[in-house]
Amino acid sequence: MGKTGESLSESMYAIHALGLAPRRSAPYSPAMDYALAILLSALAMTLIVGGRYLLTSGFFAWLTGRVRPGHYDQLKPQIAREIRWSLLSAAIYGVPAGIVAWGWQNAGWTKIYTDPELYPLWYLPLSLLLFLFLHDTWFYWTHRLFHRPQWFKIAHAVHHDSRPPTAWAAMSFHPVEAVSGAIVIPALVIALPIHVGVLGLLLLVMTVMGVSNHMGWEMFPRWLVRGRPGKWLITATHHEKHHELYRGNYGLYFRFWDRICGTDIGLADIGSRFGGDAGGKRVRG
Ligand SMILES: [Zn+2]
Ligand SMILES: [Zn+2]
């Protein structure tokens, strides 16, 4: 044997130590399989959320270029920052979404249902409103917390670094704020029944409003924004005012909490695409 035998046994030892050798006697570990499946689901969801962000923000940024030519010309370094933070947020959003998507498909963790008649049909629109209201409620109160000076510095200054915001700022959050946003819908689908189609609609509303509320001009008609529906609904004109003044207008979809808590500070003067006051001035916050 001699030298060769010793070095061979040393190499075999190294291979085992590195875990490279096939472990015939190792017990089958379902936990590892679950962990891998959940990891892949989180990765897939990160790619979906990131892709959805790039497509939606890209589309509304393109639309902004058509409707308000030159509007983002001075904001290129800011837009690069917004995209970097948003893609990091997409990875953070992907984790709970991926875990819950896996649990929905494989373990019955959620109350997402596919037969529309499982609950009375009136529950379909009601569940959409309920989810929007609960998401809005969570957002309003966490957003108010993030505007406390100590929290603002840690978690929310990144989002307000967009002055004025652009369509790319929709997911421009510090990771702490991204976590607070990422857990809402996964938690709600575990707690409350929602039809898979209504969930799709909810995600569509969430995405389109998140992007369009930051793009710097109003896409909804004046009768809606300045009329009766606009007293309760949040669109770009309302959220732009939050980015101008910081104090007030903390809501996401509805003005409900802002109005009852006295934090509603009215509408910004950004002009409506359809209202005849296009090109309204912007105030830098
Ligand atoms: Zn914002
Ligand atoms: Zn804010």
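To the nearest ten degrees, helix 76-106 and the longest principal axis of the Cα atoms of the chain are 60 degrees apart. Axis of helix 196-212 versus longest Cα principal axis of the chain: the two differ by about 60°, to the nearest ten degrees. Restricting attention to the chain, lysine pairs at least eight places apart or on different chains and with alpha-carbon atoms under 21 angstrom apart total 4.
Here each label is just a point 7 Å from Cα along the line to Cβ, and for Arg247 and Leu204 those points are 4.0 nm apart.
Summing Cβ point charges (Lys, Arg +1; Asp, Glu -1) relative to the Cα centre of the range 30-212 gives a dipole of roughly 640 debye. Each residue, Asp115 and Lys153, gets one label point 7 Å from its Cα in the Cβ direction; the gap between the two is 5.7 nm.
Subtracting the Cα-Cα distance of Ile48 and Ala187 from their residue separation scaled by 0.36 nm leaves 48.1 nm.
Would you calculate the volume per residue, in Å³, of the smallest convex hull containing every Cα atom of the range 53-120?
Taking the convex hull of the Cα positions in the range 53-120, it is 128 Å³ per residue.
Along each principal axis, taking the top coordinate minus the bottom one, the Cα set of the chain gives 93, 51, 38 Å in descending order. Taking the C-alpha atoms only, the angle from helix 30-67 to the longest principal axis of the chain is near 30 degrees.
Give me Met32, Met209, Met171 ranked fewest to most by other Cβ atoms within 10 Å of their Cβ, as a rough exposure proxy. List each step's numbers first, then the result.
Values: Met32 9, Met209 19, Met171 29.
Result, fewest neighbours first: Met32, Met209, Met171.
Mean separation of Cα pairs under 8 Å and 6+ residues apart, divided by the residue count of the range 30-212: what relative contact order is that in percent? Please report the intermediate quantities before stating the final value.
Working: 202 pairs, mean separation 64.1, N = 183.
Reported relative contact order: 35 percent.
Bear in mind that the values in this text are calculations on the coordinates, not laboratory data. Being a predicted model, the structure only gives us computed values, none of them experimental. Neighbour counts run over all protein chains shown; Cβ positions are idealised from the backbone, glycine included.
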